[in-house]
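What follows draws every value from the coordinates through simple rules; no lab data is involved. Just so it is clear, the model here is predicted, and its values are computed rather than measured. Glycine also receives a Cβ, built like all others from the backbone with ideal geometry; neighbour counts cover every protein chain displayed.
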Amino acid sequence: MKRRDFIQKGALTGSLLSLGGTSLVSGMSLSASEQKHTFNLKYAPHEGMFKTHAGNDILSQLDFMADQGFTAFEDNEMKGRSIETQTAMAKLMEKRGLEMGVFVAHKIYWKEPNLASGKEARREEFLNDIRSSVEVAKRVNAKWMTVVPGHVDLHLHPDYQTANVIETLKQASAILEPHGLVMVLEPLNFRGHPGMFLAESPHAYQICKAVNSPSCKILFDIYHQQIQEGNLLPNIEACWDEIAYFQIGDNPGRKEPTTGEINYLNVFKYIHSRGFDGILGMEHGNSVEGKEGELRVIQAYKECDNFA
């Protein structure tokens, strides 16, 4: 199962789009460097988000992102790319001032337990994935990598499962700490990913506190946590000292900010007010297809970042 299934875009019609009083006309283009915007936070687009403007080549897409003022990029699938492609992407990102966000560090078990089970074979498989991810991170100048502990083990009490996960993550942290790398644990919502071991931010906080390592932190996905638990700003505040990374998506629909119920202007303003200097991954689809939709994404981030 690919974590990027959400990229399949919803098709909405209309040649005139309105965002906060700003009209976007069908066929309008944004590719010139003079359009570059300065954002308050490090929002990180992903591959395919601007392919109608930039084309299918990932290097061209990175150039387009930088031209629009984005200063980061995330790529869940980076580990699966060839070494040649990873190296070329890293070189271009360094040149264009794009900081590398997360990539997925390991095989994710969507239907069966792995880390929660405590089985030694599953633990060693995960740790080997972490070891190989160190080399990828060095190659692409990444600091963060996503970890999803997998499915619950229905044969074990939840407390035993949590203990199993903590022990595995302690061992993984010992691998990452000498390199200054950080795995970020991502809770996933019960609707999109039923049965996953890690679903809520307090649980992730408990685990990170128990692991007690600078290499084990929380990836707070705002879309997932709006569905799972709501109460976003108080939960972000409660978890703050263990959060190293955010991801973005509005609800319902998992599209760009301004398309759903989340007040991203206030959320971004709060994150910025706390002095957050990390990356916020734009892990969502575009609500409208083609160039119109890509322009809408850019405009949505300008609108929700307008709090300075």
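Which of G48, L188, V148 sits farthest toward the positive end of the charge dipole of the chain, with +1 on the Cβ of Lys and Arg and -1 on the Cβ of Asp and Glu? The Cα lying farthest towards the positive end belongs to G48.
For K51, a cut-off of 18 angstrom between C-alpha atoms picks up these aspartates and glutamates, skipping any fewer than 8 places away in its own chain: D5, D63, D67, E74, D75, E77, E256, E283, E289, E292, E294.
Between T146 and F103, V104, A105, V184, the built amide H atoms are under 5 Å apart, and every one of these is 5 or more places off in sequence or on another chain. Shown for the chain are the DSSP H helices of 18 Å or more along their axis, judged by Cα atoms, with a mean Kyte-Doolittle hydropathy of at least -1.0: 83-96, 120-140, 158-176, 290-304. Neighbour counts of other Cβ atoms within 10 Å put S213, S287, S82 in the fewest-to-most order S82, S213, S287. Under a model in which nothing but the beta-carbon of Lys, Arg (+1) and Asp, Glu (-1) is charged, the chain shows a dipole of about 320 debye around its Cα centre.
Take every Cα pair under 8 Å whose residues are at least 6 apart in sequence, average their separation, divide by the length of the stretch 161-307, and the relative contact order is 19 percent.
Given a 10 angstrom Cα cut-off, can you work out which residue in F70, F276, F197 is the most mobile in a GNM of the chain? It is F276. Among T259, T87, the order by Cβ neighbours within 10 angstrom, fewest to most, reads T87, T259. May I ask which residue of F64, Y160, Y264 lies farthest towards the positive end of the charge dipole of the chain, with charges of +1 (Lys, Arg) and -1 (Asp, Glu) on Cβ and the Cα centre as origin? Selected residue: F64.
Straight-distance candidates among the aspartates and glutamates for linking to K79, with alpha-carbon spacing under 13 Å and chain neighbours fewer than 8 residues away dropped: D129, E135.
Just from its helices, what would the mean residue ellipticity at 222 nm be for the chain, if runs of 4 or more DSSP H residues each count -39500 (n - 2.57) and the sum is divided by every residue, rounded to the nearest 500 deg cm²/dmol? -12000 deg cm²/dmol, from helical runs alone. Across the chain, the fraction of Cα-Cα pairs farther apart than 33 Å, rounded to a whole number, is 22%.
Using Cβ point charges alone (K and R +1, D and E -1), the dipole size of the stretch 39-170 about the Cα centre works out to roughly 200 debye.
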